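For reference, the structure is listed below as structure tokens.
The values are calculated or read from the model by the stated rules, or taken from the named source; none is laboratory data. None of the values given here were measured: they were computed from a predicted structure. Cβ placement follows ideal geometry from the backbone for every residue including glycine, while neighbour counts extend to all protein chains displayed.
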Amino acid sequence: MTEQFKFHMPTQILFGRGLVKHLADYIPGEKVLIVSDPFLYKNGVAQAIGDGMTGKKVAYFSDIEPNPSCESVDAAAAVAREHSADCVVGIGGGSSMDVAKIVSCLVTNPGSIYDYYSGGTKKLCPRTTGLICIPTTAGTGSEVTNVGVFTNRSTHVKLPMVNNEFWPDIAAIDPDLTVTLPPAVTASTGMDAFCHAIEAYWNKESLPLCDMLAMGAMKLILKNVKKAYDNPQDMEARSAMSKASLIAGVAFSQTRTTGIHATSFPLTAEFGASHGIACSITLPAFMRISGELEQEKMQELASYLGYSCLEDFADGVEQLMGSMKMPLRLHELGVKEEDIPHIAEVALSAQIIQLTPAVMNMETVERLLRSIL
Ligand SMILES: [Fe+2]
């Protein structure tokens, strides 16, 4: 049978040191809303980017929390509507970019995010407001995906929302923005990017184009993440990590993620782990079972990355995480034996878990979680 595949990437990518201070020419209309977290506003990063938008009327919404809630989305949307924003710019690790995606739609779509999100009955009409995403970490890849992840504050349920209106018009990646990241964030976000790449690669819906991107991204991360962790000023390592995160983002934007991300949702929403930690903590365990359905492909990857076999590859990744003082066992996040069935159940409720190259059911997921308790 002839191989067939589709690859859809409508986002224009701009990459380069210092470029985010000169974005005016890329912004449609006059009125811009910049969405960020309070830290990026207070330290002047958001304003420096806004100041570079010569001739534009810039407003700021800077109350985005990690794992953004639907309530924050609605508050940002109210500001965007009041400002009649022609363009929404999300600056941040992932949360602010995710919020910018839905807010740019809500400028012209009435009501609350709850009308359109999980269980909502309305369908978003095509976005007419511009959308630019600017990552400040090297990890989430959110700048090149059509996914936003939002948390329902009352139920604590964290669920992804996928919509074709969420593809940013422009992803502007400037490695200089990552230079102030603390080592722990460099590690957790860098390993999140690694998860994106490996989950695109071993995905049941993998594509040849994405395999190549994912392999390149993993090579860059294995070579550079510890360098950036040890020496935050190493701009070569920082640029490589920004590039790797972008490339991994493009790869998983086509395939979606798998069991690692499915399991991360309860670990974040209920145990307070950051996204990068919640993902990477199960990474070595998922690597060890990925040979179940993809033995040959995983062996090829291990060889490409300089390991003799999949087991060595998983050990190597685990050691790398340990060398960056990342948690490796679930009990370090406060998980207890009695929590395991519930975590498995929530993970299994995310459809992406079935894209993992291994049998995923209560028994296998509980076993995997117990192996790293
Ligand atoms: Fe992620």
Worksheet item: So residue 360 clears everything in (1) assigned to a helix (DSSP H, G or I); (2) touching a residue at least 40 places away in the same chain (Cβ under 8 Å); (3) within 20 Å of residue 293 (Cα to Cα) except one condition, right? Which one?
Response: (1)
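Just to be sure, is residue 134 within 16 Å of the ligand (Cβ to nearest atom) and hydrophobic (A, V, I, L, M, F, W, C)? Before you say what the answer is, go through the steps one by one.
On the way: within 16 Å of the ligand (Cβ to nearest atom): no; hydrophobic (A, V, I, L, M, F, W, C): yes.
Answer is no for this residue.
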Worksheet item: Quick check, is residue 337 in contact with a Lys or Arg (Cβ under 8 Å, 6 or more places away or on another chain), in the same structural domain as residue 265 (by TED's automatic domain parsing) and farther than 22 Å from residue 214 by Cβ?
Response: yes
Discussion item. If I ask for residues that are more than 11 Å from the ligand (Cβ to nearest atom) and either touching a Ser or Thr at 6+ places or on another chain (Cβ under 6 Å) or under 25 Å from residue 50 (Cα atoms) (or both), which ones from region 138-163 would you list?
Written reply: 138, 143, 144, 146, 148, 151, 153, 158, 159
Worksheet item: Any idea which of 240, 248, 278, 273 is outside any helix (DSSP H, G or I) and among the hydrophobic types (A, V, I, L, M, F, W, C)?
Response: 273
Discussion item. Kindly evaluate residue 236 against the criterion of being modelled with pLDDT of 95 or more, surrounded by fewer than 24 Cβ atoms within 10 Å (Cβ to Cβ), under 22 Å from residue 137 (Cα atoms) and more than 13 Å from the ligand (Cβ to nearest atom).
Written reply: yes
Response to the item:
With the first residue restricted to region 115-139 and required to be in a loop (DSSP other than H, G, I, E, B), and the second required to be of a type in the set (Phe, Trp, Tyr), Cβ contacts under 8 Å at 6 or more apart or on different chains are 117/150; 120/114; 122/116; 123/116; 124/116
Worksheet item: Do we find that residue 355 is crowded, with 21+ Cβ neighbours inside 10 Å and closer than 24 Å to residue 187 by Cα in this structure?
Response: no
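So that you can scan it fast, the table gives a plain yes or no per residue for (1) without any contact (Cβ under 8 Å) to a residue 60 or more places away in the chain; (2) crowded, with 20+ Cβ neighbours inside 10 Å; (3) farther than 19 Å from residue 367 by Cβ:
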position: 275; (1), (2), (3): no, yes, yes
position: 280; (1), (2), (3): no, yes, yes
position: 284; (1), (2), (3): no, yes, no
position: 287; (1), (2), (3): no, yes, no
position: 292; (1), (2), (3): no, no, no
position: 300; (1), (2), (3): yes, no, yes
position: 303; (1), (2), (3): yes, no, yes
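Residues are listed down the side, and each one gets a yes or a no for (1) surrounded by 15 or more Cβ atoms within 10 Å (Cβ to Cβ); (2) more than 16 Å from the ligand (Cβ to nearest atom); (3) over 18 Å from residue 143 (Cα atoms):
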residue: 7; (1), (2), (3): no, yes, no
residue: 14; (1), (2), (3): yes, yes, no
residue: 18; (1), (2), (3): no, yes, no
residue: 79; (1), (2), (3): yes, yes, yes
residue: 94; (1), (2), (3): yes, no, no
residue: 97; (1), (2), (3): yes, no, no
residue: 109; (1), (2), (3): yes, yes, yes
residue: 113; (1), (2), (3): yes, yes, yes
